[in-house]
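The values are calculated or read from the model by the stated rules, or taken from the named source; none is laboratory data. Nothing here was measured: the structure is a model prediction, and the numbers come from that model. All Cβ positions, even for glycine, are placed from backbone atoms using ideal geometry, and neighbour counts span all protein chains on display.
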Amino acid sequence: MKHAEEVLATAIHTIHAREYEYGSPAESFRRIAALWSAFLGISINEQDVAMLMILLKIARLENQPEHLDSKVDICGYAALMGEFNND
């Protein structure tokens, strides 16, 4: 079991690694929001994308509650929601 600080540090590292691969999180989530909005026929924003991704990870944890990567990802998505609030 990792300590909370390790989980959060891993989440921060993952956010930065994904930024290198996919561009800024805000812009990436805006692109996802635009695609999901078009598909669903409703307005989705980057906050919604982060929340929906958290819910996806929660659903996966219901099947495998000890899966650390999902917990790390939830922390990362929650952190990004805070960042998106500042945009």
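Reported count of residues in region 30-66, each being within 23 Å of residue 6 (Cβ to Cβ) and in contact with a helix residue (DSSP H, G or I) (Cβ under 6 Å, 6 or more places away or on another chain), is 6. Being assigned to a loop (DSSP other than H, G, I, E, B) and of a type in the set (Val, Ile, Thr) is a description that does not apply to residue 32.
When 66, 62 are checked against the criterion of being surrounded by fewer than 14 Cβ atoms within 10 Å (Cβ to Cβ) and farther than 22 Å from residue 8 by Cβ, a single residue qualifies: 62.
Determine whether region 62-75 contains at least one residue that is under 11 Å from the mean Cα position of the chain (by Cα) and among the basic types (Lys, Arg). Yes - at least one qualifying residue is present in region 62-75.
Table: residues versus (1) under 16 Å from residue 73 (Cα atoms); (2) of a type in the set (Val, Ile, Thr); (3) modelled with pLDDT of 95 or more.
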{"position": "4", "(1), (2), (3)": "yes, no, no"}
{"position": "12", "(1), (2), (3)": "yes, yes, no"}
{"position": "15", "(1), (2), (3)": "yes, yes, no"}
{"position": "18", "(1), (2), (3)": "yes, no, no"}
{"position": "24", "(1), (2), (3)": "no, no, no"}
{"position": "32", "(1), (2), (3)": "no, yes, yes"}
{"position": "35", "(1), (2), (3)": "no, no, yes"}
{"position": "41", "(1), (2), (3)": "no, no, yes"}
{"position": "53", "(1), (2), (3)": "yes, no, yes"}
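Consider region 1-26 and keep the residues that are under 16 Å from residue 70 (Cβ atoms) and among the hydrophobic types (A, V, I, L, M, F, W, C). The one that is surrounded by the fewest Cβ atoms within 10 Å (Cβ to Cβ) is 1.
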